[in-house]
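Here the structure comes first, spelled out in structure tokens, and everything after it is commentary.
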Number of protein chains: 2
Amino acid sequence: MSINALTADVREQVDAFLKQQLARHSINETLRRAMEHGVLLGGKRVRPYLLMTIAEICRGDKQAALTAAGAIELIHAYSLIHDDLPAMDNDELRRGQPTCHIAFDEATAILAGDSLQTLAFELLSEWPLGGLKAERQLSMVNALARASGSAGMCAGQAIDLQATGQQVSEHELEHMHRHKTGALIEAAATIGVLCGEEEALKWQPHFEEFATHLGLAFQVQDDILDVIGNTELLGKPQGSDTAADKSTYVQLLGVEGAQKYLSSLHEKALLSLADIPYNTAKLEQFSDVLLKRDH
Amino acid sequence: MSINALTADVREQVDAFLKQQLARHSINETLRRAMEHGVLLGGKRVRPYLLMTIAEICRGDKQAALTAAGAIELIHAYSLIHDDLPAMDNDELRRGQPTCHIAFDEATAILAGDSLQTLAFELLSEWPLGGLKAERQLSMVNALARASGSAGMCAGQAIDLQATGQQVSEHELEHMHRHKTGALIEAAATIGVLCGEEEALKWQPHFEEFATHLGLAFQVQDDILDVIGNTELLGKPQGSDTAADKSTYVQLLGVEGAQKYLSSLHEKALLSLADIPYNTAKLEQFSDVLLKRDH
């Protein structure tokens, strides 16, 4: 099974929800179209899938999970728009489509990113949200903010900018990825559990540990695909990380070394699920499919 | 009394609070310094002052008011950093200092703005917050998001971008300002009341109306000062709006017409306070000082 087939149902739900919310919360047509471009043009929906699957496993509130899944995807989408800007990675292609600042212009892309971030917090703070207690909902807002800010994703992006063109150690590379992409993937687990029943909260660290290993493995896999993958399937030029002078796991460990490291992270991820008294088969399947993907 | 003297106490409290929070929530030194540059290098602190004064009038929770004042200033600061970017207004000077992308670089300025926005929501969602109920706190988060997103401040900025170089009507100019700056000033009133006692909620629309008129008057005053003010006091070149090909109230109404309009907005603002059964003298003084400032 491909990752796109596995997440198809979640993708449809989340995309329909976000399309509706974008229309409801925008008053400027160009800005709305740029936001839509950033968030609705494809993507695997890894974070929403992880969040909604964990919420389901934890017998969580469905409406809360869908809203939270939309919110976390909005944060991810905003970060991609801003990362692609000329002043950042200067990418013209993302998921086989022109990036936001190419399809629109730079100013609109900056604003679209800003607005997608805001919308994430707007949606997640609308009360009531399903049957959740307000305290629980505040924890979700806070977890999303912590993961995406200056001690999370944005810090990771800053570290990445500062490291570009430099030789970094494996430790430094992991530090960067844990923030740049790992923090938000971990937050998907945190928030998924927060949608769940009271009993589930006890297992939050286990779900988070699963997500941490999965997130890092996902990144290692990305580095491998950047070298052995092909442009058409990836939606971006193969070898683009090397061209951009970014450090990668393949560069540090070689293709074979990176593949070994990926396997060990995959095992650790599965091990994190071992003690959880809920049925986690869907997460095992997800990590299998995600980490064996070819694009 | 000058506006800076009036808001000095609030400015000190908010700046000390934000400096502490920036240190607590950052892990990357360059990013933290860029964020500090954006938020701690001066400014009149109009939004925090309005929020904290209304909270005080409504017998509000002091700690909640300080946190919310910090959060709203973070949103304002992020918007200024992004507005100043080369792709937007391309300003090199703000409050007499180099703008963030000049002092650092463009990529860091984009990230600093992104992180300041996130930090606003992070601080405001930390629970417990003073003695506030979680529901009340969620309303504050939501009000801040609504005011700053794609139906508020960001929409205003998009409208402004699209209007640059075009002749707009007075109605269109007001529509733009109501979103670009008005929404956040109004949110300062909304959130100030939300810090207050239950009884105060009833008067929320009155406080908001005051803020709406005040916000627009503040903008008209800005346009007048851009023509008759002087560069040293303004911290930016006098006439910079005209140079940037932006529509202004002075352009539409003439200096005298704009001054008349300013007076009528000032009167409407004061009238909005008339029925409120709390002592609003501090707000009357604030609008007096703010709208009679010379920079």
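The values are calculated or read from the model by the stated rules, or taken from the named source; none is laboratory data. The structure displayed is predicted, hence computed values, not measured ones. For neighbour counting, all protein chains shown are included, and Cβ atoms are generated from backbone atoms with ideal geometry for every residue, glycine included. Side chains included, ligands, DNA and RNA excluded: accessible areas come from the protein's heavy atoms. Shrake-Rupley method; radii C 1.70, N 1.55, O 1.52, S 1.80 Å.
What's the number of the condition residue B:104 fails, among (1) under 22 Å from residue B:37 (Cα atoms); (2) facing chain A (nearest Cβ under 10 Å); (3) open to solvent by 10 Å² or more (accessible area, probe 1.4 Å)?
Every condition holds for residue B:104 apart from (2).
Give B:75, B:110 a once-over and let me know the one that is within 12 Å of another protein chain (Cβ to nearest Cβ) and in contact with a His (Cβ under 7 Å, 6 or more places away or on another chain).
B:110
For region B:249-286: of the residues being surrounded by fewer than 20 Cβ atoms within 10 Å (Cβ to Cβ) and among the polar types (S, T, N, Q), which is modelled with the lowest pLDDT?
This residue is B:251.
I'm told residue B:180 meets every condition in (1) more than 8 Å from every other protein chain (Cβ to nearest Cβ); (2) surrounded by fewer than 24 Cβ atoms within 10 Å (Cβ to Cβ); (3) under 16 Å from the mean Cα position of the chain (by Cα); (4) in contact (Cβ under 8 Å) with a residue 40 or more places away in the chain except one. Can you identify the failing condition by its number?
Residue B:180 satisfies all of (1) more than 8 Å from every other protein chain (Cβ to nearest Cβ); (2) surrounded by fewer than 24 Cβ atoms within 10 Å (Cβ to Cβ); (3) under 16 Å from the mean Cα position of the chain (by Cα); (4) in contact (Cβ under 8 Å) with a residue 40 or more places away in the chain except (4).
State which residue is nearest to residue B:148 (Cα to Cα) when the search covers only region A:149-173 and only residues that are facing chain B (nearest Cβ under 7 Å), at pLDDT 95 or above and in a helix (DSSP H, G or I).
Residue satisfying both the conditions and the ranking: A:154.
Restricting to region A:155-175, name every residue that is without any contact (Cβ under 8 Å) to a residue 24 or more places away in the chain and either touching a Leu at 6+ places or on another chain (Cβ under 7 Å) or surrounded by 24 or more Cβ atoms within 10 Å (Cβ to Cβ) (or both).
A:158
Could you figure out which of (1) over 13 Å from the mean Cα position of the chain (by Cα); (2) farther than 13 Å from residue A:287 by Cβ; (3) polar (S, T, N, Q) isn't true of residue A:219?
Unmet for residue A:219, out of (1) over 13 Å from the mean Cα position of the chain (by Cα); (2) farther than 13 Å from residue A:287 by Cβ; (3) polar (S, T, N, Q): (1).
Which of the residues that make up region B:207-228 are touching an Asp or Glu at 6+ places or on another chain (Cβ under 6 Å) and either open to solvent by 10 Å² or more (accessible area, probe 1.4 Å) or among the small types (Gly, Ala, Ser) (or both)?
B:208, B:211, B:212
Within region B:20-31, track down each residue that is surrounded by 20 or more Cβ atoms within 10 Å (Cβ to Cβ), assigned to a helix (DSSP H, G or I) and facing chain A (nearest Cβ under 7 Å).
B:31
Of everything in region A:113-148 that's among the basic types (Lys, Arg) and in contact (Cβ under 8 Å) with a residue 12 or more places away in the chain, which residue is farthest from the other protein chains (Cβ to nearest Cβ)?
Result: A:136.
Among the residues of region B:188-200, is any open to solvent by 20 Å² or more (accessible area, probe 1.4 Å), part of a loop (DSSP other than H, G, I, E, B), closer than 29 Å to residue B:59 by Cα and more than 14 Å from every other protein chain (Cβ to nearest Cβ)?
Scanning region B:188-200 turns up at least one residue that is open to solvent by 20 Å² or more (accessible area, probe 1.4 Å), part of a loop (DSSP other than H, G, I, E, B), closer than 29 Å to residue B:59 by Cα and more than 14 Å from every other protein chain (Cβ to nearest Cβ).
Can residue B:87 be described as of a type in the set (A, V, I, L, M, F, W, C), without any contact (Cβ under 8 Å) to a residue 12 or more places away in the chain and not in a helix (DSSP H, G or I)?
Taking the combined requirement at face value, the residue satisfies it.
Filter region B:123-148 for residues that are part of a helix (DSSP H, G or I) and more than 28 Å from residue B:176 (Cα to Cα); which is most open to solvent (accessible area, probe 1.4 Å)?
If we take residues in region B:123-148 being part of a helix (DSSP H, G or I) and more than 28 Å from residue B:176 (Cα to Cα), then B:135 is most open to solvent (accessible area, probe 1.4 Å).
Name the residue that is nearest to the other protein chains (Cβ to nearest Cβ), counting only residues in region A:7-19 that are touching a helix residue (DSSP H, G or I) at 6+ places or on another chain (Cβ under 8 Å) and open to solvent by 20 Å² or more (accessible area, probe 1.4 Å).
Selected residue: A:19.
Can you tell me which condition residue A:43 does not meet? The list is (1) out of contact with any Leu (no Cβ under 8 Å at 6 or more places or on another chain); (2) modelled with pLDDT of 95 or more, and all the others hold.
(2)
Of all residues in region B:91-118, which are of a type in the set (S, T, N, Q) and either in a helix (DSSP H, G or I) or at pLDDT 95 or above (or both)?
Correct list: B:99, B:108, B:115, B:117, B:118.
Out of all the residues in region A:59-67, is one or more open to solvent by less than 20 Å² (accessible area, probe 1.4 Å), touching a residue at least 60 places away in the same chain (Cβ under 8 Å) and aliphatic (A, V, I, L, M)?
yes
Just to be sure I understand the filter: pairs with C-beta atoms under 6 Å, separated by 6 or more residues or on different chains, first member in region B:276-291 and farther than 17 Å from residue B:259 by Cβ, second member assigned to a loop (DSSP other than H, G, I, E, B) and of a type in the set (Phe, Trp, Tyr). Which pairs pass?
none
What are the residues in region A:87-100 that are open to solvent by less than 50 Å² (accessible area, probe 1.4 Å) and either farther than 26 Å from residue A:4 by Cβ or facing chain B (nearest Cβ under 8 Å) (or both), if any?
A:87, A:88, listed by residue number.
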